[in-house]
Amino acid sequence: MQYSLGIDAGGTYTDAVVLSNTDGKVMQTNKALTTYPDLIHGIRNALDGLDQTFLANVKMVSVSTTLATNTILENTGYPVGLILIGKANVPSDHKIKYSIQVSGGHNSAGNEVEPLNIRSVEEFILKVKDNVSAFAVSSYFSVRNPEHELQVKDSIIKFTDLPVVCGHELSQDLGAYDRGVTAYLNAQLIPIANQFMVAVTAEIRRRNIEAKLMMLKCDGSVVGIEEALRKPIESIFSGPAASLLGASHLSGFRTCAVVDVGGTSTDVSMISEGLPEISNSGAIVGKWQTKVKALKMETSAMGGDSHVWMLNHEIHIGPRRVMPLCLAAMKYPEIKEKLKMKQTILRNQIGENIQPTKFFMTSGKKPDELSPEEKDLFKRLSERPSSVSEIYWNEDRMPSPMTMDMLIQKRLVKTIGFTPTDALHVLGEYDQWDAEAAEIGAEVLATFTGIDKLKLCSNVKEQVAFNMALNLAAFLLEGVDREEIKNIIKGNFAAGIKVKMPVVLLGGPVTAYKNDLGKYIESIIVVPEHSSVGNAVGALMGKGIKRLEVLVKASLTESKYNLKPEAYIVFYPGGRREFSSYTEALEHAEKIGAELVMEYMSFSGLDNSKVKIDMSRTDISVEDGITPLETKLDFLGVGIVKGEVNN
């Protein structure tokens, strides 16, 4: 019998699952802790727990990860230099440290509006190249002509050996700034994505598994891992896609809403008749609007391992993830004694990092360039957890809280703290780790809120369940004000919110939230078997899918009486070509669109003989019977992976 192996590396756990290729049945699963920054150990541990006779007969391996989404939500991405060209201005309230806006860009016909100020670009490159890990470039109307983006890319390659992401490589949609944001975020994630995919490839090869290696993409499609390594930007946000496909397969519902509670985030998405709902405007992660063609989803920075902290007698959850106290105590039992010491922290000193239940330790990553303040604080830390008192109060000088934030963002420091997972341990609804550590932590935090530990933990659980309900309702009630939805859910009304399709829950302890979610939302709520490894299952459920757009647009000149087309321009991903007649342009558009789909399928390692291409056409004309001024061709190619699970 032949099998397929699915691997998902999340922010907390790395999951592995073996499925039968014959009927899609789950044969075996295993979970291991994700090991960051070296992911290979977590992957190896997950595979070690599987029956090795299954692995000997694996013919396809497909992987997904939530690490990219978690990085954006936690604001721990690598530093990037953003270069915007033309009218793509950076908003005044942006939080991008290294950016520049220079003259240049094109118009909607792809003609140059203003020469590129390459001198300013090169000065910026030389100024920031030692402080960034990659560059992102976005030019005005680069989807009509990418010439200026490519010129900047050449300069970056000339002066540095850093990765470059161009906006036109990611999206054909208009909106230079949003394309720039997309390129910026993806550039932040390149080192993380590369590390993950190299680790998987090395481990599969080490085990002599002869199988096709695939990566699940953010739209629910799959790509060969060789192509994913060449362009890792295309495989971000694959975790939510995996959870959606996995939930559908495990529950048997071809149409359903899915709420996936991970370690760092809660993701809501929907599948309709077996096809994922795709975002027309691009994926939204946290407060970032991107142009990535991904699942239509709602993501919030609240998960099972989100940091629970106190400020002004109020409970705050997230946005950053920490290692739960109950889990940390299994490896570092000394934290229980340190918690019992009940550190002295004045209320005016409390902040997200200055918490009586928070601990800090080095990550094992070697530091590069650090400021004097960062060096001072980093020297106070070790490989074992240190409390706030040990780091700050026992020293003569207290660094700025921002200094610790910088060390965390650079992934030099790992943190431990109280989480919703700890709260479930205290309430007796989850018992995987050390409940005593969770109870001690709850007692300490309770002193800052004026309530007992059980009430504290119940409040934390209620916040998580309410967040699940709010995200689900906001996702399904598109266009309705979020505050109005919140008032309906919280209010004591005779009417409420009913979801007309099944709601499938995924994630480790989601069973604990099922009844609480039911208090806010009326629906069929299901927690399927193997829900804790739903992402790894979903990694195997993707198809080879390629969506692209080719545009035929008239280039108009104004005559004495009307506008007259002087040429027809075909715009396609990565290029443009002019024709004297509409017929020639349309024929080329149809041909180049199909060729690009097939080219993509070949690069993705899919079976070209089983690729189906559908094309839809939209015309814009002045009046019926007249040659269109603009024709948009939308191509959808669907391919089959050899040896995939019979789903």
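The values are calculated or read from the model by the stated rules, or taken from the named source; none is laboratory data. Note that the structure is a prediction, hence the values are computed from the model and not measured. Neighbour counts run over all protein chains shown; Cβ positions are idealised from the backbone, glycine included. What goes into the accessible areas is simple: the full protein's heavy atoms, side chains included, and nothing from ligands, DNA or RNA. Shrake-Rupley method; radii C 1.70, N 1.55, O 1.52, S 1.80 Å.
A few comments on the model shown:
- Spatially, the range 111-131 and the range 575-595 are offset by 33 Å when compared through their Cα centroids.
- Mean separation of Cα contacts under 8 Å, 6 or more apart, over the residue count of the range 389-483: relative contact order %: 19 percent
- Heavy-atom accessible surface of the chain: percent carbon and sulfur, 1.4 Å: 49 percent
- For the range 130-262, the square roots a ≥ b ≥ c of the C-alpha gyration tensor eigenvalues yield an a/c of 1.5 or more together with a/b not exceeding b/c, which makes the shape oblate.
- Karplus-derived HN-Hα couplings along the range 3-11 (A = 6.51, B = -1.76, C = 1.60, θ = phi - 60°), whole Hz, x at Gly and Pro: 10, 10, 10, x, 10, 10, 9, x, x
- Restricting attention to the chain, close to 70% of DSSP beta bridges with both partner residues there are antiparallel.
- Going by accessible surface with a 1.4 Å probe and the largest first, Ser382, Ser279 read Ser382, Ser279.
- Cross-link partners of Lys632 among aspartates and glutamates (Cα-Cα below 18 Å; sequence separation of 8 or more within a chain): Asp173, Glu549, Glu578, Glu584, Glu587, Glu590, Glu595, Asp614, Asp619, Glu623, Asp624
- Residues with amide H under 5 Å from that of Gly175, placed H, sequence gap 5 or more: Phe141
- Dipole of the range 315-446 computed with +1 at Lys/Arg Cβ and -1 at Asp/Glu Cβ about the Cα centre; of Ser382, Leu339, Leu427, farthest Cα towards the positive end is Ser382.
- Per residue, the accessible area of the chain comes to 43 Å², computed with a 1.4 Å probe over protein heavy atoms only.
- Sum of side-chain charges, Ala446 neighbourhood, beta-carbon under 12 Å (Lys, Arg +1; Asp, Glu -1): 0
- Magnitude of the charge dipole, the chain, Cβ model with Lys/Arg +1 and Asp/Glu -1, debye to 20: 740 debye
- By accessible area with a 1.4 Å probe, ligands and nucleic acids excluded, highest first: order of Met270, Met598, Met341, Met330: Met341, Met330, Met598, Met270
- Legend: residues Met214, Met402, sorted from most to least accessible area (1.4 Å probe; ligands, DNA and RNA excluded), read Met402, Met214.
- Taking a straight line from the alpha carbon of Lys498, these aspartates and glutamates sit under 12 Å away, with near neighbours fewer than eight places off in the same chain left out: Glu522.
- Average Cα contact separation per residue, the range 91-215, under 8 Å, 6 or more apart, as relative contact order %: 21 percent
- Global geometry of the range 473-526, whether rounded, prolate or oblate, following the gyration tensor of its Cα atoms and the 1.5 cut on a/c: prolate
- Inter-centroid distance (Cα atoms) of the range 148-175 relative to the range 450-491, Å: 41 Å
- Accessible area (Å², 1.4 Å probe, nearest 10) - Ser555: 20 Å²
- Sites Lys379 and Leu311 - FRET efficiency at Förster radius 30 Å, r taken between beta-carbons, to 0.05: 0.60
- For peptides 493-500, 192-199, sequence by mean Cβ density within 10 Å, most packed first: 192-199, 493-500
- Rounded to the nearest 500, the 222 nm mean residue ellipticity of the chain from helices alone is -10500 deg cm²/dmol, with -39,500 (n - 2.57) taken per DSSP H run of at least 4 residues.
- In this structure, the residue pairs whose Cα-Cα separation is over 27 Å, taken from Lys153/Lys379; Lys158/Lys414; Lys342/Lys455; Lys338/Lys514, are Lys153/Lys379; Lys158/Lys414; Lys338/Lys514.
- Accessible surface of Asp260, taken over heavy atoms with a 1.4 Å probe and every protein chain present, rounds to 10 Å².
- Summed residue charge, Cβ within 15 Å of Thr255's Cβ, Lys/Arg positive, Asp/Glu negative: +1
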